[in-house]
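Participant: Sending over a structure as structure tokens; questions will come in a sec.
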Amino acid sequence: QVQLVESGGGLVQAGASLRLSCAASGRTVNTYAMGWFRQAPGKEREFVASISWRGSFTSYSDSVKGRFTISRDNAKNTLYLQMNSLKPEDTAVYYCAANPSSIDSSGTDRYWGQGTQVTVSS
């Protein structure tokens, strides 16, 4: 079983930065692909970024490419999302996900955290 716990959300002004963390527990979680998704009020959950289990491959949605960076520390079983140049449209609940194979950007991944709120004011 894999458990994921996000942290690091908060209220910031446009242009600011935040770093989200996702602490993972489970015997083999450091061999899983991991990713971040977000869901804004009244909208469907959307893919943000993903990373392979070794960290060799990353993928980003067009809306965050160049501003967000996904990374992981397998020794600490922790996933990160560095978010720079935040915009009001980045406001959402951010979820961490893990999957034994690659992350499915459509959101059918096996394990999910409870989410952390990010609010960006204009």
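Participant: Pick out, from segment 31-122, the strands (runs of 3 or more DSSP E) lying fully within it that include 3 or more residues that are open to solvent by 60 Å² or more (accessible area, probe 1.4 Å), in contact with a Phe, Trp or Tyr (Cβ under 8 Å, 6 or more places away or on another chain) and within 21 Å of residue 1 (Cβ to Cβ).
Facilitator: Per the criteria, no element qualifies.
Participant: Quick one: what pairs do we get from segment 1-27, first residue part of a strand (DSSP E or B), second loosely packed, with under 14 Cβ neighbours inside 10 Å and of a type in the set (D, E, K, R), C-beta under 9 Å, 6+ apart or different chains?
Facilitator: From residues that are part of a strand (DSSP E or B), the pairs are 23/76.
Participant: Also: Could you tell me which of the residues 47, 57, 37 is over 18 Å from residue 11 (Cβ atoms), modelled with pLDDT of 95 or more and more than 12 Å from the chain's Cα centre (by Cα)?
Facilitator: Step by step, each of 47, 57, 37 is checked, and only 57 is over 18 Å from residue 11 (Cβ atoms), modelled with pLDDT of 95 or more and more than 12 Å from the chain's Cα centre (by Cα).
The values are calculated or read from the model by the stated rules, or taken from the named source; none is laboratory data. Since the model is a prediction, treat every value here as computed from it, not as a measurement. Every residue, glycine as well, gets a Cβ built from its backbone with ideal geometry; the counts of neighbours run over all protein chains shown. Surface accessibility is based on the protein's heavy atoms, side chains included, excluding ligands, DNA and RNA. Shrake-Rupley method; radii C 1.70, N 1.55, O 1.52, S 1.80 Å.
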